[in-house]
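Student: Please see the structure below; I have some questions.
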2 protein chains.
Amino acid sequence: MKFCSNCGHAVTLKIPPGDSLPRYVCDACHTIHYQNPRMVVGCIVEWEDRILLCRRAIEPRYGCWTVPAGFMENGETTQDGAMRETLEEANARIEILPLYALYNIPHINQVYLLYRARLLDLDFRPGAETLETSLFAESGIPWNELAFATVRNTLTHYYQDRRLGHYGFHSGTIERLRISPDTTRRNPDG
Amino acid sequence: MKFCSNCGHAVTLKIPPGDSLPRYVCDACHTIHYQNPRMVVGCIVEWEDRILLCRRAIEPRYGCWTVPAGFMENGETTQDGAMRETLEEANARIEILPLYALYNIPHINQVYLLYRARLLDLDFRPGAETLETSLFAESGIPWNELAFATVRNTLTHYYQDRRLGHYGFHSGTIERLRISPDTTRRNPDG
C-alpha cells in the first residue's frame with residue numbers, strides 16, 4: 001500500500017495514537033488503513049465412500065488436486081462461500097454438513113474453514129479454474145499431487161476419523177515448514 | 001474506495017474478466033482491489049463458575065458489556081488473536097480452550113470466532129478501551145446491557161450447555177433483525 005484509497009495521497013506506515021501496531025495512515029486525510037487476515041472457505045464433498053477433488057487450472061499449484069475452496073466474499077456466510085466455491089470450481093450442488101477443520105496460516109494471513117458436505121447429484125464438471133473434477137475413494141487419493149498442506153492434513157484426519165466412525169473437529173496452525181496441531185484440538189463428536 | 005492504493009489513480013467499480021462480482025479496479029495500473037470479510041476473535045473467559053466481562057469504553061455500544069474480542073490481525077492465529085484481545089481489553093492472562101462459537105454477520109462482513117478460555121489468575125484490570133472488568137456468575141449477567149447479539153447468543157448457549165454438562169460448538173448467522181441457528185449446528189461433544 002502506497003496511496004490512500006480514500007483521497008489518493010501518499011500513506012506512511014506508523015503506529016497510530018492508542019494503537020500498538022504499525023498501520024498505513026494517510027498523510028492528508030489521516031484515514032487509518034487496517035489490513036486483516038482473509039478466510040478461505042471450502043468443503044470435503046462426499047458421495048458414498050468417495051470425495052470430490054478438483055485439479056487446479058490456475059496458479060499457485062497448477063495441475064495439483066484440491067478440495068473446492070476459495071476466498072470468502074463480503075455479504076456471504078462461511079457456508080454460502082463454501083457452497084459458492086464448490087459451484088464455481090466443480091459446478092456441483094451440495095448440502096453443507098458440520099464444520100470439520102480450521103487451519104491458521106499466519107505467515108500468509110489466511111484462515112481456512114472447511115466443512116463436510118454431501119454431494120446432491122452426479123451432474124458436476126470442471127469450472128473455469130479447474131482442469132478436471134473427479135470422485136476419489138481413499139485408495140485413489142493422489143496424496144503426492146495434493147495442492148496444499150491444508151488439504152493433505154484435512155484429508156488425513158478425515159480418513160482417520162472415518163475409520164473411527166465419527167468425525168471430530170480439527171484445528172491447527174500451518175507454519176512455513178511444519179504443521180502443528182493446536183493444544184485446543186477437540187475430541188471427535190460424531 | 002476511490003483511489004488505487006498501489007498507484008494513486010482513480011478506481012472504477014466493475015466486474016473483471018473471468019470474475020462474477022464487481023471489484024474496485026484501477027484505471028491506470030489495473031490492480032484489482034478485493035475486499036473480504038474480517039474475523040472478530042475472542043473468548044468466554046472462565047474462573048470457577050464465573051466469566052469475565054468488559055464494559056466498553058469505545059463506540060459502538062459504549063458502556064455496554066461484552067466478552068473480550070476484536071479484529072484478528074495479520075500474522076497471528078485465531079487463538080493468538082483471542083489471547084491478545086483479552087490481554088488488551090482486560091489485562092488478563094488465559095489458556096485457550098476449544099472453539100465454542102462461529103457467527104456469521106454477513107451484512108457487516110464479519111465472522112465471529114469465540115473460544116472458551118480459562119483465566120489463569122485474578123490480576124486483571126481494564127485496558128484502554130474498557131471502563132470496567134468484572135467476573136459474573138450466571139445470576140448476575142447484565143443481559144439487558146450486553147453490547148452485541150453475538151455475545152447474548154453465545155452466553156445463552158453457554159449456560160444451556162453448562163446445565164447439560166457438556167459444551168457443544170454453536171454456529172449461526174446474525175441478520176439485521178434476527179438470529180438464525182445454522183442447520184449445521186453440531187451436537188455437544190463435552
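Student: Test of understanding: in a Gaussian network model of chain A with alpha carbons linked when under 10 Å, which of A:PRO98, A:PRO37, A:PRO60 would top the mean-square fluctuation ranking?
Tutor: Maximum fluctuation in the GNM of chain A, among the listed residues, is at A:PRO60.
Student: Using a label position 7 Å from Cα in the Cα→Cβ direction, what is the ascending list of nm distances from A:ILE58 to the same site in the other copies?
Tutor: 3.4
Student: Name the residues of the stretch A:50-75 whose accessible area, probed at 1.4 Å, falls by at least 20 Å² once all protein chains are in place instead of their chain on its own?
Tutor: For the stretch A:50-75, once contacts with the other chains are taken into account, A:MET72, A:GLU73, A:ASN74, A:GLY75 lose 20 Å² or more.
Student: Further question on the same structure: Can you give me the relative contact order of chain A as a percent, contacts being Cα pairs under 8 Å and 6 or more apart? Before the final figure, lay out the partial values.
Tutor: Values: 395 pairs, mean separation 35.7, N = 190.
Result for chain A is 19 percent.
Student: Please list, in chain and number order, the residues 5+ apart from B:MET39 or on another chain whose amide H is under 5 Å from its amide H, with Hs placed from the backbone.
Tutor: Close amide H contacts, sequence-distant or interchain: B:MET72, B:VAL111.
Student: How much area per residue is accessible in chain A when the probe is 1.4 Å and only protein heavy atoms are counted (Å²)? The partial results should precede the final answer.
Tutor: Working: 8710 Å² over 190 residues.
That works out to 46 Å² per residue.
Student: Find the centroid of the Cα atoms in the stretch B:71-110 and in the stretch A:16-82, then give the distance between the two in whole Å.
Tutor: 17
Student: Which is the longest run of chain B containing none of the trypsin sites (Lys or Arg not before Pro) found in DSSP loop states (not H, G, I, E, B) with at most 12 other C-beta atoms within 10 Å? The partial results should precede the final answer.
Tutor: Values: sites that count: B:LYS2, B:ARG176, B:ARG178.
Here the longest run is B:3-175.
Student: Over the whole of B:30-40, what's the average partner chain Cβ count within 10 Å per residue? Rounded to a whole number, please. Walk me through the numbers before you get to the answer.
Tutor: Working: counts 0, 0, 0, 1, 4, 3, 10, 13, 7, 7, 1.
Mean partner-chain Cβ count within 10 Å for B:30-40: 4.
Student: Can I ask one more? Consider a paramagnetic label point 7 Å from the Cα of B:GLU95 along Cα→Cβ; state which residues of the stretch B:31-57 have an amide N under 18 Å from it.
Tutor: So the set is B:43-52.
Student: Related question: Ignoring ligands, DNA and RNA, please state the percent of accessible area on the stretch B:18-128 from carbon and sulfur, probe 1.4 Å. Intermediate values should be presented prior to the final figure.
Tutor: Details: 2260 of 4410 Å².
The nonpolar share, carbon plus sulfur, comes to 51 percent.
Student: Once amide H atoms are placed 1.01 Å from N in the peptide plane, what residues at a sequence separation of 5 or more from A:ARG23, or on another chain, have their amide H within under 5 Å of its amide H?
Tutor: Excluding prolines and chain starts, which carry no amide H, the hits are A:LYS14, A:ILE15.
Student: Compute, for A:MET83, the solvent-accessible surface of its heavy atoms (probe 1.4 Å) with the complete set of protein chains present, and express it in square angstrom to the nearest 10.
Tutor: Looks like 80 Å² after rounding.
Student: Treat every Asp and Glu Cβ in the protein assembly as shown as -1 and every Lys and Arg Cβ as +1, leave all other atoms uncharged, and give the resulting dipole magnitude about the Cα centre to the nearest 20 debye.
Tutor: With Lys and Arg at +1 and Asp and Glu at -1, about 240 debye.
Student: Further, regarding this structure: Per residue of B:91-99, what is the mean number of Cβ atoms on other protein chains within 10 angstrom of that residue's Cβ?
Tutor: Numbers: counts 0, 0, 0, 0, 2, 3, 3, 8, 8.
Mean number of neighbouring Cβ atoms from other chains: 3.
Student: Still on this model: Mind listing the phi-derived Karplus ³J(HN,Hα) values for the stretch B:40-55, rounded to whole Hz, using 6.51, -1.76 and 1.60 with θ = phi - 60°, and x for any glycine or proline?
Tutor: 10, 10, x, 7, 8, 9, 9, 9, 6, 9, 10, 10, 8, 10, 10, 9
Student: Among A:PRO68, A:PRO126, A:PRO17, which one shows the biggest mean-square fluctuation in a GNM of chain A, springs joining Cα atoms closer than 10 Å?
Tutor: Sorting by GNM fluctuation, first place goes to A:PRO17.
Student: For the pair A and B, how large is the buried accessible area, both sides, in square angstrom to the nearest 100, if the probe is 1.4 Å?
Tutor: On the way: alone 10660 and 10670 Å², together 17430 Å².
Counting both chains, the buried surface is close to 3900 Å².
Student: Follow-up. Under the √(5λ) rule applied to the eigenvalues of the Cα gyration tensor, what semi-axes describe the equivalent ellipsoid of the stretch B:89-183? Give them in Å, descending.
Tutor: Values: eigenvalues 109, 59, 39 Å².
Its equivalent ellipsoid spans semi-axes of 23, 17, 14 Å.
Student: Full extension from B:GLU59 to B:ARG163: what is 0.36 nm times the residue separation minus their Cα-Cα distance, to one decimal in nm? Before the final figure, lay out each step's value.
Tutor: Details: separation 104, 0.36 × 104 = 37.44 nm, distance 3.36 nm.
Length gained between B:GLU59 and B:ARG163: 34.1 nm.
Student: Which of A:HIS9, A:TYR24, A:VAL40 sits farthest toward the positive end of the charge dipole of the stretch A:1-57, with +1 on the Cβ of Lys and Arg and -1 on the Cβ of Asp and Glu?
Tutor: Comparing the listed Cα positions along the dipole, A:HIS9 ranks first.
Student: Across bins of 10 angstrom width beginning at 0, how are the C-alpha pair distances of the protein assembly as shown distributed, in whole percent?
Tutor: The calculated distribution, bin by bin, is 5, 21, 31, 25, 14, 3, 0.
Student: Give me the dipole magnitude in Debye, nearest 20, for the stretch A:1-49 about the Cα centre, with unit charges on the beta carbon: positive for Lys and Arg, negative for Asp and Glu.
Tutor: Numbers: 4 positive and 5 negative charges, 116 e Å.
Computed about the Cα centre, the dipole is about 560 debye.
Student: What's the angle, to the nearest 10 degrees (0 to 90), between helix B:78-90's Cα axis and the longest principal axis of chain B?
Tutor: 60
Student: Further question: What's the FRET efficiency of B:LEU131 with B:LEU87 using the Cβ-Cβ distance as r and R₀ = 22 Å, to the nearest 0.05? Please report the intermediate quantities before stating the final value.
Tutor: On the way: r = 17 Å, r/R0 = 0.78.
FRET efficiency, B:LEU131 to B:LEU87: 0.80.
Student: At 7 angstrom along the Cα-to-beta-carbon line, where would the label on A:HIS30 sit relative to the other copies? Give the distances in nm, shortest first.
Tutor: Nearest first, the other copies' label points are 3.9 nm away.
Student: If the label for A:ALA128 sits 7 angstrom from Cα along the Cα-to-Cβ line, what are its distances to the same label in every other copy, in nm to one decimal, shortest first?
Tutor: When each copy's label point is compared with this one, the spacings are 4.5 nm.
Student: Work out the length of the dipole vector of chain A about its Cα centre, built from +1 on the beta-carbon of each Lys and Arg and -1 on the beta-carbon of each Asp and Glu, and round it to the nearest 20 debye.
Tutor: 600
Student: Have a look at the stretch B:102-119 and report residues whose accessible surface goes down by 10 Å² or more when the remaining protein chains are included, against the chain on its own, probe 1.4 Å, ligands and DNA/RNA excluded.
Tutor: Residues losing area: B:LEU102, B:ASN104, B:PRO106, B:ASN109, B:VAL111, B:LEU113, B:TYR115.
Student: Moving on to the next point. Under the definition of Cα pairs under 8 Å and six or more residues apart, what whole-number percent is the relative contact order of the stretch A:39-114? Walk me through the numbers before you get to the answer.
Tutor: Working: 123 pairs, mean separation 25.8, N = 76.
Dividing the mean separation by the residue count of the stretch A:39-114 yields 34 percent.
Student: Continuing with this model, one more query. In the stretch B:21-126, what chymotrypsin sites (Phe, Trp or Tyr not before Pro) fall in a loop by DSSP, with at most 12 other Cβ atoms inside 10 Å?
Tutor: Details: sites: B:TYR24, B:TYR34, B:TRP47, B:TYR62, B:TRP65, B:PHE71, B:TYR100, B:TYR103, B:TYR112, B:TYR115, B:PHE124; in loops: B:TYR34, B:TYR62, B:PHE124.
Passing both the DSSP loop test and the Cβ count: B:TYR62.
Student: Considering only B:ASP19, B:ASP80, B:ASP161, give the residue with the highest GNM mean-square fluctuation for chain B, with springs between Cα atoms whenever their separation is below 10 Å.
Tutor: Looking only at B:ASP19, B:ASP80, B:ASP161, the largest GNM fluctuation is found for B:ASP19.
Student: Further, regarding this structure: Quick one: Karplus J couplings for the stretch B:143-158, per residue in order, coefficients 6.51, -1.76, 1.60, θ = phi - 60°, nearest Hz, x for Gly and Pro?
Tutor: 3, 7, 10, 7, 6, 9, 4, 4, 5, 4, 5, 5, 5, 4, 5, 4
Student: List the aspartates and glutamates whose alpha-carbon lies under 20 Å from that of B:LYS14, not counting same-chain residues fewer than 8 positions away?
Tutor: The qualifying aspartates and glutamates are A:GLU73, A:GLU76, A:GLU88, B:ASP27.
Student: For the stretch A:4-127, what Kirkwood radius comes out of the mean inverse Cα-Cα distance, in Å? Mind dumping the intermediate values first?
Tutor: Details: mean 1/r = 0.0598 Å⁻¹.
So the Kirkwood estimate lands at 16.7 Å.
Student: Among all cysteines in the protein assembly as shown, which have no other cysteine Cβ under 4.7 Å from their own Cβ?
Tutor: Unpaired cysteines in the protein assembly as shown: A:CYS43, A:CYS54, A:CYS64, B:CYS43, B:CYS54, B:CYS64.
The values are calculated or read from the model by the stated rules, or taken from the named source; none is laboratory data. Note that the coordinates shown come from a computational prediction; the quantities given were computed from them, not determined experimentally. All Cβ positions, glycine included, derive from the backbone under ideal geometry; neighbour counts span all protein chains shown. Areas reflect the complete protein model, heavy atoms only, side chains present, ligands, DNA and RNA absent. Shrake-Rupley method; radii C 1.70, N 1.55, O 1.52, S 1.80 Å.
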